[in-house]
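Every number here is computed from the coordinates shown, using simple stated rules; none is lab data. Predicted model, so just to flag it, every value in this text is computed and none were measured. Cβ: placed from backbone, ideal geometry, glycine included. Neighbour counts: every protein chain shown.
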Amino acid sequence: MLEQVKDWDDDFYETFKPIAMGFVNEAEKCLQCGKCTGQCPAAAVTPSYNPRKIIRDLVYGNVKRVLSSVELWQCFFCSGCYSVCPMDINFPFFVFMFRLAAMNEGYGWEDVKQLEGYAEKSYLKDGITVSTFERNPFVMDNIGDISKIRVEAGLPPERTVSPRGIAEINMISDLSGMTAFMKQIGGVELLDCTTCTDEQAKRCKTKPMPSKVGKIKTHHRYYNYGEPGGKKNAEAR
Amino acid sequence: MADNFMEEYGKETSRDVSMRTKKYFSDLFSLEMPLGRMMKMMPGMLKFMMHGKDTREDLFKFMPQMMPMMKEAITGKKEG
Ligand code: SF4
Ligand code: SF4
């Protein structure tokens, strides 16, 4: 199936801008100079990732390609692109907004679900916003368990938040709809099964991505910006 | 399994997806307070109220500001 220009929604960006409350601005001024991509650390390690192309597609209204892509989920919000952009385009905001849109289309849930365990256990129950649970094998082997390092430094193994603080976090989370959202995404922890150790395998709760999250039917994403999409490139077969 | 995103979406065009996306964000950023939305907030406020004396007092201090919003949710009419 060939992609056709008439399939794009050329009004998309202009009509979306006022709805997006200022989060998505100035993209029409993009020069396609590629400075954002040139300095992007994510693009340096993942060749198909290209912020410039994502901006181009949003302005042209090629919404399907952006929202169903793996690449939309490769940015880690360092804002390097924003700092070098000659037109002051705040690309990380775009990523933030379009990840929400992608989730609404059923894409990206395999990534979001990884946060659920942390969100319910650490964030709502203990009020901790930075997890001390370390599962990166490199850190475990070379630095060791973070909580042990904290104890050696004379600190409690985990940060502690006051009960009042935890109550406030819970209320804010309930009022903003965050709690309902966390409950909706269910508990799945995805580890890279080919590299994990026996110790990690024991803790592993990997489950396949559910076919639905609430009313949203989930889909696997495609590499839409590197090699053309295909089964061999699709994630999590 | 579809082979690429064009197949995944089938007959749906970017225009359809864009309409859905815009509707999603208009609902998400909407300042209106329908009853359903209000009800979802209730458990959070109750939990906070039950937490202790100081949280209860805090919440009651905030009540006058919340009343118009609650009225709007119940009657469905905007004040002012
Ligand atoms: S650096 Fe800015 S102007 Fe240049 S391609 Fe990236 S977003 Fe567009
Ligand atoms: S914010 Fe995202 S797109 Fe921009 S430079 Fe950092 S990783 Fe790249």
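Considering only lysines 8 or more places apart in sequence, or on different chains, count the pairs in segment A:5-104 whose C-alpha atoms sit under 16 Å apart.
5
Among the listed pairs A:Lys212/B:Lys47; B:Lys23/B:Lys77; B:Lys22/B:Lys61, those whose Cα-Cα separation exceeds 32 Å are B:Lys22/B:Lys61.
A:Ile149 to B:Met50: FRET efficiency via 1/(1 + (r/R0)^6), r the Cβ-Cβ distance, R0 35 Å, to the nearest 0.05?
Given R0 = 35 Å and the Cβ-Cβ separation, E is 0.40.
Extension gain, B:Asp16 to B:Met38, is 4.9 nm, computed as 0.36 nm per intervening residue step minus the present C-alpha separation.
Taking the Cβ of A:Glu14 as the centre, find all other residues whose Cβ is under 12 Å away and add up their charges (Lys, Arg: +1; Asp, Glu: -1).
That sum, taken over residues with Cβ under 12 Å, equals -2.
In this rough spin-label picture, where each label sits 7 Å from Cα along the Cβ direction, the A:Gln32-A:Ile172 distance is 4.2 nm.
Going by how many other beta carbons lie within 10 Å of each one, how would you line up A:Leu31, A:Leu100, fewest first?
Fewest-to-most Cβ neighbours within 10 Å comes out as A:Leu31, A:Leu100.
Shown for A:Ser79, A:Ser122: other C-beta atoms within 10 Å of each C-beta, ranked fewest to most, produce the order A:Ser79, A:Ser122.
As a rough footprinting exposure proxy, the listed residues A:Ser162, B:Ser26, B:Ser14 were ranked by other beta carbons within 10 Å of their own, and the order from fewest upward is A:Ser162, B:Ser26, B:Ser14.
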